[in-house]
Structure formats: structure tokens, C-alpha cells
């Protein structure tokens, strides 16, 4: 006999389970709101410490003044040269990085054989894993000297050196995001274009690239944010002269950026002085610039996504007119022409660059008049050249550091303490200090980041609150690393009284990597099929039981990926710990979390900029730092790969 239940007899979730679910949901909400609160606190503390400078100097004179001389009598606090220097270096970096990155992304997504792609992508990831202070060290020792000799100038420290270095540092970000965007273009777009008689190059330039435009734009914006917020590399190679180049196109003029000014002067300023408050005013302006870039980027991406949706609806009309509009190909090849000319100019001088530029531009803009076969051959040749330049850059950097760093490696160097200002002895305290800082930052950020992502994906539908949280995460992600360092100084070191300590450095680094963990975990959770959740809930599981036992397992590889990126970034960062955690030389390991520590990035920075005659140990420290970051990446990738294999089985 079939048993039936009345409504009152249907099994219900016990009240205790309901209370537990409410507590867990509230906990994840707090984790998600943490990012918004941190952005508010960063703004609050920067504005609070910068307000006396704005009041005494005046907002307009501060922003438009052409002289920055805090030590003069009377002092001058005009940051226009700093703003101009920041913009010039960033624009130069994008001129170099954008065409090279997009061309490489197109090659990897559309042309590269599987074996080539498997080899090239790890190389690009390795380029991303090189710490910024190592880039700065390479730029100071190799690039600056190369520019000095090539252009026969007194010093190679210049806007050009900063632009080249930041362009190289932006490559991995723009390449990776652009390749993902291009690969996400539906396959039927390509098949429809080819079926209408278009060549592969016509399909790429008129269908694939326009369809991926929103993702490519996001990649460029991320690269721009990377360039604007970089501190240590530009500080080491731009010359740090607070002047506006005359003429403005003089790429060999030294410049000073907003971030470089903070890195140079904050460590020596008297707390509470007008100079101290002026530096916080500089940090406020820098943060507002980056926030404006991120907010503007959000609006631009929304419009581009809307246009992309409309384009997908009318794809047949777009494909039927594919051969009629060659403008995209002209722009892409024109940008590639600028890049190739810049490389030739660096090697052969301005005359060779000008000649090469004229020839390549003529060829690029004459492509529509060439036969389709010749046009495609020339286009592919430029794409292959772009990939070759990226790999050549990586090879040059690694060869220089490895070849000159290997002689420094010894058991004493790896296990001893520094002597003679770092010219002799070892770097063991710096290695251990770096590991302490990384471990503490991940232990702090990982549970917060995973909890925030779980709330955004599993507990809350799209609405005002989720949009607010995501804006907070995006703004936190776009905050320059030096601003995190200043916030750590004012809030953790001074306000909370932690002092310059390992704990202050760990928390500062944790705040910096938090948005990376949130966004990667969020994407990993979204990749889990919705059917798994529905099946678990249908069997009577609670939401948290479904998340913990069904969802987190398949999402683990993506979460590990976010952790990998965070570990690599935390291990290689210098600016956030510059004022919060580190000392240059220390014979013994820290006894508690309230002691300062040594760290490899800071140790390398001081050796390279303040200790003459320490070239061997400079290269040895740089090599150890690269090996340490690479080993962290390798171990984490191996764990992720094994997890993938286990899930498939």
C-alpha cells in the first residue's frame, strides 16, 4: 500500500541546521564585505594623512605646480612633473606591449600547433613569475647601460628605459587575458567565415579579433594598471628627476613617477611633517587615478559587451561583408610596425628605426592591395616575429641572470648570514624571511578569499550588494602595491602599534593578494555544473553540505590556481613590505611575529642601488629569488595537475 504524507508530515530541515546555515551564510557575507571595507579604510587613511597637505599647499597649486622640491628652502610641492612622468612611461609601455601582446595571443590561439603552444605558454607564465625587483635589477645593470652606449648619452636612466621595462612586465598579463578572450570566440564564427571564402587572416582580423574586443580591452586595461602601479622597476631605471621632458617627446630624458616618489622619499621623511603629509597626498592622487581607470574600464567593458551581443545576433551579415572592411588589419599591422621599428631602433639607432618604420608601414597599409595569399603570408610573418621577440626577451633576461648568478651559488651563500653590507656571506635569513611572509599572507588571505567567492556565487543572486562587492574587489585589485605599503604603515605599523614587523608585512601582503584569490575562486566555482548542485539539494542536503561536499571538490584546481598566482606575487613583491616588515641585514631569524625580517626582494633592491662592489651577490640573490618563485609555481602546478587527473579518474 502506497504511503502518503500530509503537508505537515513532509520532512523538514531541523531548526538547528537552519541556524547553522544562517551562521555560515553570515560568515561568508562578512568575508565578501571585507574587500569593500578595506577599500574604504585605505581611502580613509590616505585622505586623512594627506588632508593637511591639501589644506596648507592648496589643491590647485599641488596638482598644477611644476616643481617638486620638498628639501628646498622654501619647499615646493607641485606634482605635475610626477603625473606627466607616470603618464609618459605608461603610454610608452603600452605602445610596446599592446601590439606585441595581441600578436602573440593571436598566434597562440589561432596558429600555434599544440606542441608549440604547450612550450610557449609556460615560457610566458615564467615571464609573469619574474619578480618586479628582478626586472628592475636587470634594467639597471643591462638595459640602462645598453641605452647609454647605443644613444651615446651620459646616462641611460630615462623615460625610454622605464617604458621598455614596464612594457616587458605588462606582456604576460595582456597576452594571457587576450588569448583567453580570443579562444572564447565561438567556433562557428570561424567556420562561417571560412565557408564564405575568407582566408584565415581575413577571418582573424575581421571576425575573431572584433568578437574578442571586450576581452582584449580588458587585457589592455589590466596591463595599463600594472604599469601605473609599478614601483620598484621604474624607481631603479627612470632617473627619478622630477622634471617635465623638453620637448615632451624626448624619450631619453629622466623622469619621476608618482610611485617612484613614494618609494624614494617615504622611508626618510619625518612623521607628521608637511613633507610626510604631501607624500600621502601623492598616494591619494595615485589611488584616485587607478580607481578612475578601473571604474572607467568597467563602463567601457559593459558597452563593448553589449555591442558584442548585438554583433553575435547579426553574425551572418557581419560575415557576408568580411572582405569589405580592412581597417582592423591595418591598425593591428600598423601597431606591429611601430613595435618592430622600436626594436630595430634600439639595436641600430634612430635612422635605421625610421627607415624600417617607413618600409613596414607601407607594407602594412598596402596589404589590402596585395593578393590574399601574399597578404596572409606577410601578416603571419609579423605574428611569428612578435612571438619570437617575446621569447627572445625571456631568453636574454634568464641567460644574463643565470650565467652571472651561478658562480655566486654555494652552500655558504645559501645557509650563511650577510657580511660586509651584503658583499660577502649568505642570504639564509632573507630566504627564510621571504617564506615566512608568504606563508603568513596566504594563511590570512586564502580563507577570506574563498569565503567571499562562495558567498558571491553560491549564496547571493546578482543585485546591488553583489555589484558593490565586485566593485570593491576590482578596486582593491587595481590598487598599486606601494599604496598597500602606505596603508600598512599608517594602519598596522603606527595606528595599531605593530611596528615594523613580520606580522604587519604578512597582513599587508595578504590584503594585496586577496582580490586575486577571490576572482579566481569565483571563476572556479562558476565552472562547476549547476546540475551537481541541484542533484545534491534534491537528495535533501543543505546548501552548505552541497557546497562543501559537492562543489568545492571540482573547483579545487581553480582555487589552487589562484593560490599559485598569489604565492608568486607575494614572494616577489617589494613595495608593500618596504615600510612595514623588512630590514636590510639581520644575522638571526625573527623570534616572534613582531620582529622585522629580511626578504629577498628588498635585499636585492638595496644591494643593487646602495652597495657598490656587490655584483656577484646581486646576481646570486636575483637567481635565488627567481628559483624560489619558480619552485613555488612548479610545486603548485604539479598539485593542480594531479588533482585534475584524480578528478578525471
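Remarks
- Rounded, prolate or oblate (a/c below 1.5 giving rounded, otherwise prolate when a/b exceeds b/c) for the range 197-291 by Cα gyration tensor: prolate
- Take every Cα pair under 8 Å whose residues are at least 6 apart in sequence, average their separation, divide by the length of the range 58-326, and the relative contact order is 24 percent.
- Extension gain, residue 60-residue 424: 0.36 nm per intervening residue step, less the Cα-Cα distance, totals 126.0 nm.
- Size check on the range 506-608: the Cα extents along the three principal axes, sorted descending, read 61, 27, 17 Å.
- Here the relative contact order of the range 393-492, from alpha carbon pairs under 8 Å that lie six or more residues apart, stands at 11 percent.
- Ordering of 266-278, 448-460, 552-564 by packing [mean C-beta count within 10 Å, highest first]: 448-460, 552-564, 266-278
- Computed over the alpha carbons of the range 58-326, Rg followed by Dmax gives 21.9, 74 Å.
- Residue 118 paired with residue 610, simple spin-label distance in nm, labels 7 Å along Cα-to-beta-carbon: 4.8
- When Rg and the Kirkwood Rh are both derived from Cα coordinates, the Rg/Rh ratio for the range 509-549 amounts to 1.16.
- Theoretical FRET efficiency, 1/(1+(r/R0)^6), r = Cβ-Cβ of residue 399 and residue 439, R0 25 Å, to 0.05: 0.20
- Label-to-label distance, nm, for residues given as residue 48 and residue 243 (7 Å Cα→Cβ offset): 4.0
- Ascending count of other beta-carbon atoms within 10 Å, so fewest first, for 60, 593, 209: 60, 593, 209
- When you work out D = kT/(6 pi eta Rh) for the range 53-178 at 25 °C and 0.890 mPa s, using the Kirkwood radius from C-alpha pairs as Rh and the Stokes-Einstein form, the result is 142 µm²/s.
- Cα point-scatterer Debye curve for the range 244-297, base-10 log of I(q)/I(0) at q = 0.12, 0.24 Å⁻¹: -0.40, -0.91
- Three principal axis extents of the range 381-503 based on alpha-carbon atoms, in descending order, are 58, 58, 25 Å.
- Approximate spin-label separation residue 153-residue 288, in nm, with each point projected 7 Å along Cα-to-Cβ: 3.1
- The Cα atoms of the range 109-259 define a convex hull whose projected area, averaged across directions, is 11.1 nm².
- The value of relative contact order for the range 498-649, using C-alpha pairs under 8 Å at least six residues apart, is 32 percent.
- Dimensions of the range 434-511 along the principal axes, based on C-alpha atoms and rounded to the nearest Å, stand at 42, 22, 20, largest first.
- Neighbour counting of Cβ atoms within 10 Å sorts the residues 380, 579, fewest neighbours leading, into 380, 579.
- Using only alpha-carbon positions in the range 96-152, the gyration tensor eigenvalues give semi-axes of 29, 15, 9 Å once each is multiplied by 5 and square-rooted (largest first).
Read-outs throughout are calculated quantities, based only on the coordinates presented, and are distinct from any laboratory measurement. Here the structure is a predicted model, which means the values were calculated and not measured. Ideal geometry is used to build each Cβ from the backbone, glycine not excepted, and the neighbour counts take in all protein chains shown.
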